[in-house]
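Engineer: Have a look at this one before I ask anything.
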Amino acid sequence: MDKPRPSIDELAREYTAALRTYLQRRDEAGLQRAYELGRRGLSEGVGVLRMSALHHQALADIWPELKELRVPALRAIKHAGHFFTESMSAFEMTHRAFCEANAALRGMNDSLEEEVKRIAHALHDEAGQLLAAVHLSLDQVARDLQPQASEPLRDIKELLEQVGQHMRRLSHELRPTILDDLGLVPAIDFLAEGMAKRSGINITVRSSLPERLPVRLETVLYRVVQEALNNVIRHARARSVNIEVRSSGKVVHCAIIDDGVGFRHEGPDPLPARRGLGLSGMIEKLRPLGGGVKIESAPRQGTKLFITVPREVEYAYSSSRR
Ligand SMILES: Nc1ncnc2c1ncn2[C@@H]1O[C@H](COP(=O)(O)OP(=O)(O)OP(=O)(O)O)[C@@H](O)[C@H]1O
Ligand SMILES: [Mg+2]
């Protein structure tokens, strides 16, 4: 956000004076001054558009004086360009740093995803093998007992069977292969079905996505929906949740709306006073993809999460593309 006008007016005056001097002298000190003014604009919250408007206005103000300053018009345009480029250096550096930070965040999210995959496989395979071993041991024990005495073992084996099913289900939800094979919507359907069964909440999923999305985007949206549903189950005391995924133009929208108890938030900050990692994690996952979440909630009025994220993010400085 831009700072109040007086500060900008002052910056504009100094910029015009510095540009005038530079057009006459065309020295290093002038370019250094342009750089400093750009830095000042940046630190005072002046945006790139305002900065370029300010430059344009400065040149327009100086234009009638060019004859008096003995600067030919063409040369003035060329050197004013150099001056402007120099004043933009700080913005350029900030933009680079932003892109690099985003690329690093995306990289971190990718490694986290790999780790989740590893845990999901370990849970599925290793815990599955342990359970199979327990089954075998129980069979062994049953063989050594009288048929009547082994009756309770049958109940234990049934319970073990259920534990195994739950674990397989959880490991699939943790990182569903459906997500890679069939895409976001079937994966959300699978997740919603399991969560609805466990919680008794009615979860509906509607989608009008015409095609698959980039892998990274599908993964992030899956994680966001997963956390939103976890929150509904843990906090909302809701009867139903509606999830809608659609795309319009180059933007994907996802809404998760529950009819639960909602929460209170202070002032313009939509996050609740009591914070965990869930909601802020959503924001952090979406940010490097250029997306965000709008949260609407109030006591006894349910919670609505509106997620928007561009289908493709192309940052010039992004190192990894998936
Ligand atoms: N759908 C919801 N309905 C009601 N309250 C919610 C809902 N989602 C979030 N909240 C409130 O917002 C708080 C913060 O949510 P967040 O997901 O950030 O943290 P958490 O769920 O408490 O903990 P964590 O996600 O780290 O395990 C919750 O503690 C809860 O009070
Ligand atoms: Mg949470």
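Engineer: Of the residues E92, E86, which single one is within 30 Å of L42 (Cα to Cα) and either surrounded by 14 or more Cβ atoms within 10 Å (Cβ to Cβ) or assigned by TED's automatic domain parsing to the domain that holds T21 (or both)?
Structural biologist: E86
Engineer: Return the residue satisfying two criteria in turn: it lies in the stretch 166-177 and is among the basic types (K, R) and part of a helix (DSSP H, G or I), and of such residues it is least open to solvent (accessible area, probe 1.4 Å).
Structural biologist: Ranking the qualifying residues of the stretch 166-177, first place goes to R169.
Engineer: Given the criteria within 16 Å of ligand 1 (Cβ to nearest atom), more than 17 Å from L305 (Cα to Cα) and among the β-branched types (V, I, T), does I201 qualify?
Structural biologist: Answer is yes for this residue.
Engineer: Just one of (1) closer than 19 Å to Q226 by Cβ; (2) surrounded by fewer than 16 Cβ atoms within 10 Å (Cβ to Cβ) trips up D125, so point out which.
Structural biologist: Answer for D125: the failing condition is (1).
Engineer: Assuming Y222 fulfils every condition listed in (1) touching a Leu at 6+ places or on another chain (Cβ under 6 Å); (2) farther than 20 Å from N109 by Cβ; (3) among the aromatic types (F, W, Y) apart from one, which condition is it?
Structural biologist: Among (1) touching a Leu at 6+ places or on another chain (Cβ under 6 Å); (2) farther than 20 Å from N109 by Cβ; (3) among the aromatic types (F, W, Y), Y222 violates only (2).
The values are calculated or read from the model by the stated rules, or taken from the named source; none is laboratory data. None of these values were measured; they are calculated from a predicted model. As a convention, Cβ positions derive from the backbone with ideal geometry for all residues, glycine included, and neighbour counts pool all protein chains shown. Just the protein is used for accessible areas: all its heavy atoms, side chains included, with ligands, DNA and RNA removed. Shrake-Rupley method; radii C 1.70, N 1.55, O 1.52, S 1.80 Å.
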